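Asks: So that we are looking at the same thing, I have put the structure below in structure tokens.
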Amino acid sequence: MAECSWEIRPMTRREVDWAVDLAAAEGWNPGLGDAEAFFAQDPGGFLVGLADGEAVGCLSAVSYGPRFGFLGLYIVLPSFRGQGYGVQLWEQGMARLSGRVVGLDAVVAQQENYRKSGFVYAHAQFRFEGVTGGGGAAPAIFPLSSVPFETLCRYDATLFPAERPAFLAPWTRSPHSVGRAWLEDGELRGYGVLRKCRRGYKVGPLFAETPSGAEMLLDELLGSVPPGEPFFLDVPEPNDAALALVRRRGMEAVFETGRMYVGKAPAVRLEGIFGVTSFELG
């Protein structure tokens, strides 16, 4: 590392916007309301590295309580790479999540580096791209706002490694997002959120108890936005039904990550995850 003053500290809310802009510059296509929901989950979990007072890198090390955390937004400005700044951000982020199972979504080129830090590969996840079109109305699909928030949080925790109400509130209520719920006999059987991104739309999460339920939710979500726009769905490879769904729709895989963990991998029901929430926060 070059001789300079060096500081790592938690980001302000405004600096999280800067980190999301960096992610956009890297081609990650974040959602327009992502920063608000990210920060709400863990305001101390976003780290910025400053060299001589200039922000040169960032890392999110977000806690979902005492047992689970997630790393993301690991970016150093190109002109400052190779000087040790990223390593120090990494070490501080891991220290912040000490004692927890920690997950991340690693691009293929970096997976070996994460293995050296103790992360174990769990499975691949693929980003599929398609084009929005008219979706059909289904009598079992309702606005997500019609579901009591406590009910939504309980259901979400059956398909995510921890409870995350602080995240879900802004994620599902953002003016840039649309949410739909699948209800049968008054019981929540699945839900999905579509959000506006820098380019097109992303669907995530897309959680459902059956493939047909996931398809109904996806149709309703896509029908809420103009046709002919690109949209993206991030699918865990072990969910064969989810892969069949995107292939039936002619969607193409455009990006791959590996879900990796330090500690015992959480026992989540991957068969119910047709679209992961976010590569940045899990």
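The values are calculated or read from the model by the stated rules, or taken from the named source; none is laboratory data. Computed from a predicted model, the values in this text were never measured in an experiment. Positions of Cβ are backbone-derived with ideal geometry, glycine not excepted, and every protein chain shown enters the neighbour counts.
Asks: For Gly82, work out the one condition from (1) within 18 Å of the chain's Cα centre (by Cα); (2) part of a loop (DSSP other than H, G, I, E, B) it doesn't fulfil.
Replies: Among (1) within 18 Å of the chain's Cα centre (by Cα); (2) part of a loop (DSSP other than H, G, I, E, B), Gly82 violates only (1).
Asks: In the set Met251, Met260, which member is surrounded by 17 or more Cβ atoms within 10 Å (Cβ to Cβ), in contact with a helix residue (DSSP H, G or I) (Cβ under 6 Å, 6 or more places away or on another chain) and farther than 13 Å from Ile141 by Cα?
Replies: Working: Met251 fails: in contact with a helix residue (DSSP H, G or I) (Cβ under 6 Å, 6 or more places away or on another chain).
Answer to the selection: Met260.
Asks: Show me the strands (runs of 3 or more DSSP E) entirely contained within segment 1-76 in which 3 or more residues are touching a helix residue (DSSP H, G or I) at 6+ places or on another chain (Cβ under 6 Å), under 24 Å from Phe119 (Cβ atoms) and in contact (Cβ under 8 Å) with a residue 24 or more places away in the chain. First the steps, then the outcome.
Replies: Working: elements: 6-10, 46-51, 54-63, 68-76.
Result: 46-51, 54-63, 68-76.
Asks: Moving to a separate point now. Check segment 207-230 and report whether any residue there is modelled with pLDDT of 95 or more, in a strand (DSSP E or B) and surrounded by fewer than 24 Cβ atoms within 10 Å (Cβ to Cβ).
Replies: Within segment 207-230 (the criterion being modelled with pLDDT of 95 or more, in a strand (DSSP E or B) and surrounded by fewer than 24 Cβ atoms within 10 Å (Cβ to Cβ)), the answer is yes, since at least one residue qualifies.
Asks: May I pose another question? Based on this model, can you work out whether Glu91 counts as in a helix (DSSP H, G or I), of a type in the set (Asp, Glu) and closer than 22 Å to Cys153 by Cβ?
Replies: No, not satisfied.
Asks: For segment 26-58, what are the residues that are of a type in the set (Gly, Ala, Ser), modelled with pLDDT under 95 and within 24 Å of Glu256 (Cα to Cα)?
Replies: Selection gives Gly27 alone.
Asks: I'd like to verify a number: residues in segment 184-194 that are in contact (Cβ under 8 Å) with a residue 24 or more places away in the chain and surrounded by fewer than 23 Cβ atoms within 10 Å (Cβ to Cβ), how many? If you could, list the steps in order and put the result at the bottom.
Replies: Of segment 184-194, the ones in contact (Cβ under 8 Å) with a residue 24 or more places away in the chain are 184, 188-194.
Imposing the further condition that a residue be surrounded by fewer than 23 Cβ atoms within 10 Å (Cβ to Cβ) reduces the set to 184, 188-189.
Summing the residues that are in contact (Cβ under 8 Å) with a residue 24 or more places away in the chain and surrounded by fewer than 23 Cβ atoms within 10 Å (Cβ to Cβ) in segment 184-194 gives 3.
Asks: For residues that are surrounded by fewer than 18 Cβ atoms within 10 Å (Cβ to Cβ), assigned to a loop (DSSP other than H, G, I, E, B) and β-branched (Val, Ile, Thr), tally how many sit in segment 123-158.
Replies: 1
Asks: Can you tell me which residues in segment 238-282 are of a type in the set (D, E, K, R) and either assigned to a helix (DSSP H, G or I) or farther than 24 Å from Ser63 by Cβ (or both)? Talk me through it step by step, then tell me what you get.
Replies: Of segment 238-282, the ones of a type in the set (D, E, K, R) are 240, 247-249, 252, 256, 259, 264, 269, 271, 280.
Correct list: Asp240, Arg247, Arg248, Arg249, Glu252, Glu256, Glu271.
Asks: Hey, any hits in segment 5-21 for a residue that's in contact with a Gly (Cβ under 8 Å, 6 or more places away or on another chain) and charged (D, E, K, R)?
Replies: At the first step, the residues of segment 5-21 found to be in contact with a Gly (Cβ under 8 Å, 6 or more places away or on another chain) are 5-8, 10.
Remaining after also requiring charged (D, E, K, R): 7.
Yes, segment 5-21 contains a residue that is in contact with a Gly (Cβ under 8 Å, 6 or more places away or on another chain) and charged (D, E, K, R).
Asks: In segment 37-58, which residue that is of a type in the set (Asp, Glu) and surrounded by fewer than 20 Cβ atoms within 10 Å (Cβ to Cβ) is nearest to Leu281 (Cα to Cα)? Steps first, answer last, please.
Replies: Initially, segment 37-58 is screened for residues of a type in the set (Asp, Glu), giving 42, 52, 54.
If we keep only those that are surrounded by fewer than 20 Cβ atoms within 10 Å (Cβ to Cβ) as well, we get 52, 54.
On the way: Asp52: 29, Glu54: 25 Å.
The extreme case among them is Glu54.
Asks: Now for a different question. Considering segment 161-176 alone, what residues qualify as being surrounded by fewer than 23 Cβ atoms within 10 Å (Cβ to Cβ), under 28 Å from Pro230 (Cα atoms) and in contact (Cβ under 8 Å) with a residue 40 or more places away in the chain?
Replies: The answer is Ala169, Pro170, Ser174, Pro175, His176.
Asks: Among the residues of segment 170-193, write down those that are in contact with a helix residue (DSSP H, G or I) (Cβ under 7 Å, 6 or more places away or on another chain) and of a type in the set (A, V, I, L, M, F, W, C).
Replies: Trp171, Val178, Ala181, Trp182, Leu188, Val193
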